[in-house]
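**Student:** One structure is given below, represented as structure tokens, and several questions about it will come after.
The values are calculated or read from the model by the stated rules, or taken from the named source; none is laboratory data. Source: prediction; values computed, not measured. We place every Cβ from the backbone using ideal geometry, glycine too, and count neighbours over all the protein chains shown. In case anyone asks, the SASA skips ligands and DNA or RNA and just uses the protein heavy atoms, side chains included. Shrake-Rupley method; radii C 1.70, N 1.55, O 1.52, S 1.80 Å.
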Amino acid sequence: MARVLISGGRVIDPASGVDTVQDIAIEDDRIVEIGVKLAKSPADRIIDATGKLVVPGLIDPHVHLREPGAEHKETIESGTLAAAVGGFTTVCCMPNTTPALDTPEMVTFVDGRSRSTAHCRVYTVAAGTKGRRGEEPSEISLLARAGAVGISDDGDAIASAGVMARVLTMTKQVGLAFMQHCQDPTLTVGASMHAGEVSVRLGLGGWPRVAEELIIERDVRLNTSIGCRYHVQHLSSSGSVEIVRRARAAGQPVTAEASPHHLLLTHEAVGGADGFAYDTNAKMNPPLREASDIAAIKAGIADGTITVLATDHAPHSVEEKARPFEEAPFGIVGLETALPLYVESLVKTGVIDWPRLIAMMTVEPAKLCGLHRIGLGTLAMGGTADVTVIDPEQEWTIRLEDLAGKSRNTPFLGRRVGARVVLTMVGGQIRHERR
Amino acid sequence: MPRPTRDLLALRGMGTAELKELLARSRAMIPAAMGRTDLSHILKGRAVGLLFFEDSTRTRLSFTMAAQRLGATTLDLASGGSSVSKGETLIDTALNVEAIGAAALVVRAKQSGAAHQIAQPAKIPVLNGGDGKHEHPTQALLDALTIAESLGRSAAFDLTGLSIAIVGDVISSRVARSNIAALSALGAQVIVVGPPTLAPKSMSTLGCKVEHDLDNVLPTVDAVMMLRVQFERHGGEGSSGASGGASHAAAPAKPPITPSSIVSVRAYREGYALTSARAAMLKPHAVVLHPGPINRGIEMDQDVADGPRSAVLRQVTHGVAVRMASLCWCLGIPA
């Protein structure tokens, strides 16, 4: 039996309302004691967390691990290493792999690969339709039984209202949340960036806000009589915030998530410093939008409309991102950098405080994916020892060598940030430590 | 000391003085472009790489002639028979042509930003011969030269007080984007005209007016530039980068959904073709331009294309002069 003491840190556990300087004792994979000035011995290891934050292991409900099918971009092993470096102890992987995660056998495959190779916990968000084609519902009841923690066709919306109604009904029955990638495909043909001044100037197909808003509006209406838990992924538009706010005020079971890049960058990033950069690391789905959208998303986070902070970690190879802008794939990596970027955009600007930030990265995504029922997302006596230690004042510059996954597609290299994950413990085992 | 070399990638952002210098140098090249004077010593022994990853007749032949008039040879790549069809990237192809010995590269590609992308690693000047829906700088320079010459403004290239309409599928048009930038910088008022699907109000952020009623606009302008209806950009397969929903992973390709911006030829003609009747509404001195290739009987009638107002073939001749001047300008050859 190994005993580890994390001593003197500011313990923030939003699920239980704790925010005070305490010690945490861990034996094997469990938290055995939480209290002020716990006995220093016996302990195999004492971690001095003075001046640090000690929080539940972060949970990311939206990552792309690319296994199976695109292992040159990322694998379950490499993606979860990136997660551990970023302070995440649990990630939920999206089903847009090749083949898609649309059968119980595929859920079991991810589970098996995770047990043998992963650096943190991995759960599957399984596809809502067969092959993610949006035509025919998948075996949602069997996916849930196999361990899926959410249902989504992420990468695509379910565009047909008829199919969507059936998928919502089936997802409601198994108690999971449906996570929608909100993009009306008929409004985004040939689109590669936000429809606005920059797309007009650069001659790139524009992606209007309404392509996102229309799907949310439709789904909220569809879901009125169904009542499935409905989650808006990576919300990008100011109008979407308003639709979600109204739905929640009407008592509907609707949640929404933000991503770091939609809080820090605008469509101007595509043009870069000289205006003509065509920077593929600023190519996202949904696209980077305008300052007014950032303000609206922040307001939605401040008033509780948006409750979950994710990454949408989307690795792509250097070669793929070197293609001409319109042919390059969408997305950026995010696991290693999400926490400091959220601190910069939300905490240092006073939008929310540290406890709320931690809640939005722990207990809130845990509830979304039903992981709170197995004790994740909180620091509880006798509970699972998933713990992240954060230096809330450490200034550092994001460099290539700070990325632990296989891919390096991020527009944030060279950015100065002011907080850093210094230790990640998954089930009592230290998976990442910065000494 | 030779002057430093430079790229010609976009006219947006270029200073008015530079634009006027390029136009003046182009004007001075017209006799040589027409074979009346011999400038074949200027680029003797040098080679110009013509990287036309997208089909082109006019621009490719025009650059070829420009290089030859200056005494240069051309390294001519046709995408069909090149390694691009074997999967080589545009950048690799460009750097190989540079390594073979080209002194400058002319790039035509269907992707917006392609010339910028090649210019970053290339050590030799890159001239944008048209990139997707972004810009086509030498086309706009030859248009400006033709307009200035036709309207008696070619002494100083000051277009102040002139009103110029660009008509048709402006949102998909690299010609329109370069022209809006150049003509506005030279002092003209540019009015883009088309149905709201092809000439959206958002284009006013480029510094032009946006109008939808051609009959109202025609009597007010000094020049009208008819754009080609680009059926290949509205026909699904041709719409570039139809990403649809295939977002993060290499999802299987989906059939593109055609944006039916151009419903039918007759519906388009009814509102936006330059018919003989419409041409009669123009001011007496007004000039008609078209970047080519013309869809005769669609965006412009035969009688207008071949009529007295038409500057279409002068545009083409000016194109050779503009490309000669542009090659010299990019290669640091003094005027």
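**Student:** Looking for whichever is closer than 22 Å to A:Ile390 by Cα, hydrophobic (A, V, I, L, M, F, W, C) and within 14 Å of chain B (Cβ to nearest Cβ) here; the options are A:Val63, A:Val54, A:Val36. Which one fits? Break it down stepwise before answering.
**Tutor:** Working: A:Val54 fails: within 14 Å of chain B (Cβ to nearest Cβ); A:Val36 fails: within 14 Å of chain B (Cβ to nearest Cβ).
Of A:Val63, A:Val54, A:Val36, the one residue that is closer than 22 Å to A:Ile390 by Cα, hydrophobic (A, V, I, L, M, F, W, C) and within 14 Å of chain B (Cβ to nearest Cβ) is A:Val63.
**Student:** Follow-up. Taking A:Thr280 as the residue in question, decide whether it is open to solvent by 10 Å² or more (accessible area, probe 1.4 Å), within 14 Å of another protein chain (Cβ to nearest Cβ) and of a type in the set (S, T, N, Q).
**Tutor:** yes
**Student:** May I ask you to list the residues in the stretch A:330-345 that are within 14 Å of another protein chain (Cβ to nearest Cβ) and surrounded by fewer than 24 Cβ atoms within 10 Å (Cβ to Cβ)?
**Tutor:** A:Phe330
**Student:** For the stretch B:299-332, which residues satisfy the criterion of being farther than 22 Å from B:Asn179 by Cα and either open to solvent by 30 Å² or more (accessible area, probe 1.4 Å) or touching a helix residue (DSSP H, G or I) at 6+ places or on another chain (Cβ under 8 Å) (or both)? Quick ask: steps written out before the conclusion?
**Tutor:** Let us first name the residues in the stretch B:299-332 that are farther than 22 Å from B:Asn179 by Cα, namely B:301-303, B:306-308, B:331-332.
Matches in the stretch B:299-332: B:Asp301, B:Gln302, B:Asp303, B:Asp306, B:Gly307, B:Pro308.
**Student:** If you go through the stretch A:210-227 one residue at a time, do you hit one that is away from chain B (no Cβ under 14 Å), within 27 Å of A:Ala295 (Cα to Cα), of a type in the set (Lys, Arg) and within 23 Å of the chain's Cα centre (by Cα)?
**Tutor:** no
**Student:** Can you tell me how many residues in the stretch A:406-426 are open to solvent by 20 Å² or more (accessible area, probe 1.4 Å) and either out of contact with any strand residue (DSSP E or B) (no Cβ under 6 Å at 6 or more places or on another chain) or part of a loop (DSSP other than H, G, I, E, B) (or both)?
**Tutor:** 6
**Student:** I'm trying to understand the selection: among the residues of the stretch A:15-35, which are in a loop (DSSP other than H, G, I, E, B) and of a type in the set (Asp, Glu)?
**Tutor:** The initial filter retains those residues of the stretch A:15-35 that are in a loop (DSSP other than H, G, I, E, B), namely A:15-17, A:28-29.
Those that are in a loop (DSSP other than H, G, I, E, B) and of a type in the set (Asp, Glu): A:Asp28, A:Asp29.
**Student:** What are the residues in the stretch B:110-138 that are outside any loop (DSSP other than H, G, I, E, B), surrounded by 24 or more Cβ atoms within 10 Å (Cβ to Cβ) and either within 14 Å of chain A (Cβ to nearest Cβ) or on the phi > 0 side of the Ramachandran plot (or both), if any?
**Tutor:** First, pick out the residues of the stretch B:110-138 that are outside any loop (DSSP other than H, G, I, E, B): B:114-119, B:126-131, B:135, B:137-138.
Retained after the next criterion (residues that are surrounded by 24 or more Cβ atoms within 10 Å (Cβ to Cβ)): B:114-118, B:126-131, B:135, B:137-138.
Within the stretch B:110-138, B:Ala114, B:Ala115, B:His116, B:Gln117, B:Ile118, B:Val126, B:Asn128, B:Gly130, B:Asp131, B:Glu135, B:Pro137 qualify.
**Student:** Among the residues of the stretch B:169-194, which ones are farther than 22 Å from B:Met14 by Cα and modelled with pLDDT of 95 or more?
**Tutor:** Taking the stretch B:169-194 and keeping what is farther than 22 Å from B:Met14 by Cα, we get B:169, B:193-194.
Listed by number, the residues that qualify are B:Val193, B:Gly194.
**Student:** Determine which single condition B:Lys20 fails, assuming it passes every other condition in (1) crowded, with 18+ Cβ neighbours inside 10 Å; (2) within 20 Å of B:Ala321 (Cβ to Cβ); (3) touching a Phe, Trp or Tyr at 6+ places or on another chain (Cβ under 7 Å).
**Tutor:** B:Lys20 satisfies every listed condition except (1).
**Student:** Looking for whichever is closer than 18 Å to A:Tyr123 by Cβ and hydroxyl-bearing (Ser, Thr, Tyr) here; the options are A:Thr384, A:Thr397. Which one fits? Let's see the steps before the verdict.
**Tutor:** Values: A:Thr397 fails: closer than 18 Å to A:Tyr123 by Cβ.
Answer to the selection: A:Thr384.
**Student:** Might you let me know whether the stretch B:83-97 holds any residue that is away from every other protein chain (no Cβ under 14 Å) and within 26 Å of A:Gly205 (Cα to Cα)?
**Tutor:** Yes: one or more hits.
**Student:** Yes or no: the stretch A:48-62 includes at least one residue that is at pLDDT 95 or above, of a type in the set (Ser, Thr, Tyr) and open to solvent by less than 20 Å² (accessible area, probe 1.4 Å). Please lay out each step first, then the result.
**Tutor:** Narrowing the stretch A:48-62 to residues at pLDDT 95 or above: A:48-62.
Imposing the further condition that a residue be of a type in the set (Ser, Thr, Tyr) reduces the set to A:50.
Restricting the remaining residues to those that are open to solvent by less than 20 Å² (accessible area, probe 1.4 Å) gives none.
No, the stretch A:48-62 has no match at all.
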